[in-house]
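Enquirer: Mind looking over this structure? Questions follow.
The values are calculated or read from the model by the stated rules, or taken from the named source; none is laboratory data. Since we're looking at a predicted model, the values are computed, not measured. Because the Cβ atoms are built from the backbone with ideal geometry, glycine has one as well, and the counts that use them run over all protein chains shown.
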Amino acid sequence: MADFRWDPVNGQWVIIAPNRSQRPNDFRKSRHHLNPQDCPFCYGNESQTPVEIAVYQAGEKEGRWLTRVFSNKYPAVHQNCGANREIGVGPYRKGDFLGHHEVIVESPDHKTSYSQLSDDEIDAAFQAYRDRIAMFAADSTLTHAMLFKNCRAEAGASVEHLHSQILCTSITTEKVRRRVERARQYHATHAIDVISAIVEFEISDQTRVIDQTDNFVAFCPYSSRFGYLTSIAPTFGSVGFNELTDSQACELGHFMRSLVIRLETCLPDTAYNMLLHLAPFDISADQYYQWHIELFPRLSNPAGYEWGTGCWINPVAPEEAAESLRGH
């Protein structure tokens with residue numbers, strides 16, 4: 001059972017989830033690729049995972065799926081956690097909160113990166129992302145969702161078969177609330193949401209822009225926390241991620257795949273993370289907080305200064321990173 005605990009010193013919630021230690025770990029067993037016959041995410045091994053919540057197929061094709069969604073077998077949070085309330089524990093607080101933890105497998109074949117997905121698979125994956133976020137956003141008991149991808153062991157993946165996760169809870173963390181509050185203050189001062197302001201500046205400046213499509217732009221942020229950090233944002237105004245059309249979702253998926261190909265060309269076999277940043281569901285933030293995606297390789301681990309201050313040291317200037325990625 002997940003245990004939400006409040007840290008009064010650092011002002012943040014921590015999830016204690018001992019069952020997560022029971023997860024399989026392909027990478028501990030071998031640095032070689034896992035045999036697909038032994039992979040729980042490969043086609044034909046569906047009985048090794050919880051019952052599917054959603055399946056995406058190519059058109060009316062029956063049988064072989066493209067993208068499959070199911071509850072995490074080792075969830076960090078639980079759907080039926082209890083009373084959805086807080087209680088005091090001495091100087092601490094403990095939360096009995098609701099949550100969902102889902103896995104989205106983007107290919108029936110044993111693929112390990114976005115760069116290997118077919119057109120149909122990437123289309124289905126991003127439509128699944130949109131649909132699951134829309135489902136959670138419509139649930140009045142939930143307040144925030146984080147969609148993320150850990151690709152390869154160094155990025156936190158325990159199963160090498162490509163997959164993403166959605167972790168949705170009935171609380172919103174302090175970090176997310178502070179991020180949204182800063183966006184609200186920026187909008188109040190400048191009459192534009194901060195993501196759109198950044199997008200407009202980066203497109204006009206071009207120094208850090210990597211690539212652009214009809215509806216999306218990718219750039220290395222001016223104050224990048226990590227080397228080769230890439231932000232992907234819409235260029236068409238405030239439309240919720242869950243409101244993307246099929247065409248826009250597919251365009252975004254193809255764009256993301258091309259960016260990962262660039263990244264892996266510059267940094268072969270690199271581990272990477274993808275984060276989808278969304279506003280909390282329980283506030284009206286459409287005017288001042290725009291959804292966006294962060295993609296970044298795992299080139300180094302945070303050390304003492306980063307852990308102690310929260311201030312990141314990035315050894316690769318974003319201008320240099322963007323130039324390198326543009327070249328591929």
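Enquirer: From the list 245, 235, 265, pick out the single residue that is among the polar types (S, T, N, Q) and within 21 Å of residue 136 (Cα to Cα).
Expert: Of the residues listed, the single one that is among the polar types (S, T, N, Q) and within 21 Å of residue 136 (Cα to Cα) is 245.
Enquirer: For the stretch 275-298, name all the residues that are closer than 15 Å to residue 224 by Cα and either assigned to a strand (DSSP E or B) or over 21 Å from the mean Cα position of the chain (by Cα) (or both).
Expert: 275, 292, 293, 294, 295, 296, 297
Enquirer: Taking residue 265, is it among the hydroxyl-bearing types (Ser, Thr, Tyr), touching a Leu at 6+ places or on another chain (Cβ under 9 Å) and loosely packed, with under 15 Cβ neighbours inside 10 Å?
Expert: Answer is yes for this residue.
Enquirer: Kindly list, by first and then second residue, each pair from a residue in the stretch 97-124 that is in the same structural domain as residue 167 (by TED's automatic domain parsing) and farther than 22 Å from residue 264 by Cβ to a residue that is in a strand (DSSP E or B) and of a type in the set (Gly, Ala, Ser), limited to pairs with Cβ atoms under 8 Å and residues at least 6 apart or on different chains.
Expert: Note: pairs meeting the criteria are 100/71; 101/71; 102/71; 103/71; 103/164.
Enquirer: Listed residues 119, 123; which is modelled with pLDDT of 95 or more and surrounded by fewer than 16 Cβ atoms within 10 Å (Cβ to Cβ)?
Expert: Every option except 119 fails the conditions.
Enquirer: Quick one: is residue 204 out of contact with any helix residue (DSSP H, G or I) (no Cβ under 6 Å at 6 or more places or on another chain) and either free of Cβ contacts under 8 Å to residues at least 24 places away in the same chain or among the acidic types (Asp, Glu) (or both)?
Expert: yes
Enquirer: Residues that are assigned to a strand (DSSP E or B), outside the structural domain of residue 120 (by TED's automatic domain parsing) and out of contact with any helix residue (DSSP H, G or I) (no Cβ under 9 Å at 6 or more places or on another chain): does the stretch 239-248 have at least one?
Expert: Checked the stretch 239-248: no residue is assigned to a strand (DSSP E or B), outside the structural domain of residue 120 (by TED's automatic domain parsing) and out of contact with any helix residue (DSSP H, G or I) (no Cβ under 9 Å at 6 or more places or on another chain).
Enquirer: Same structure, new question: For residues in the stretch 129-171 being of a type in the set (S, T, N, Q) and touching a helix residue (DSSP H, G or I) at 6+ places or on another chain (Cβ under 8 Å), which is nearest to residue 288 (Cα to Cα)?
Expert: Among those that are of a type in the set (S, T, N, Q) and touching a helix residue (DSSP H, G or I) at 6+ places or on another chain (Cβ under 8 Å), it is 164.
Enquirer: Given the condition modelled with pLDDT of 95 or more, surrounded by fewer than 16 Cβ atoms within 10 Å (Cβ to Cβ) and over 15 Å from the mean Cα position of the chain (by Cα), answer yes or no: does some residue in the stretch 168-178 qualify?
Expert: Scanning the stretch 168-178 turns up no residue that is modelled with pLDDT of 95 or more, surrounded by fewer than 16 Cβ atoms within 10 Å (Cβ to Cβ) and over 15 Å from the mean Cα position of the chain (by Cα).
Enquirer: At least 2 residues that are in contact with a Cys (Cβ under 8 Å, 6 or more places away or on another chain) and among the hydrophobic types (A, V, I, L, M, F, W, C) in each: list the strands (runs of 3 or more DSSP E) lying fully within the stretch 129-216 that qualify.
Expert: The qualifying strands (runs of 3 or more DSSP E) are 144-151.
Enquirer: Considering the stretch 299-326 alone, what residues qualify as being of a type outside the set (S, T, N, Q), in a helix (DSSP H, G or I) and exposed (fewer than 10 other Cβ atoms within 10 Å of the Cβ)?
Expert: Once the filter is applied, which keeps residues that are of a type outside the set (S, T, N, Q), in a helix (DSSP H, G or I) and exposed (fewer than 10 other Cβ atoms within 10 Å of the Cβ), the stretch 299-326 yields 304, 307, 308.
Enquirer: Just the residues that are more than 25 Å from residue 319 (Cβ to Cβ), aromatic (Phe, Trp, Tyr) and surrounded by fewer than 22 Cβ atoms within 10 Å (Cβ to Cβ), please, taken from the stretch 207-262.
Expert: 236, the sole residue that qualifies.
Enquirer: On to the next question. Can you confirm whether residue 159 is within 19 Å of residue 278 (Cα to Cα) and not charged (D, E, K, R)?
Expert: When the stated conditions are applied, residue 159 does not pass them.
Enquirer: Among the residues of the stretch 95-112, write down those that are assigned to a strand (DSSP E or B) and at pLDDT 85 or above.
Expert: Result: 99, 100, 101, 102, 103, 104, 105.
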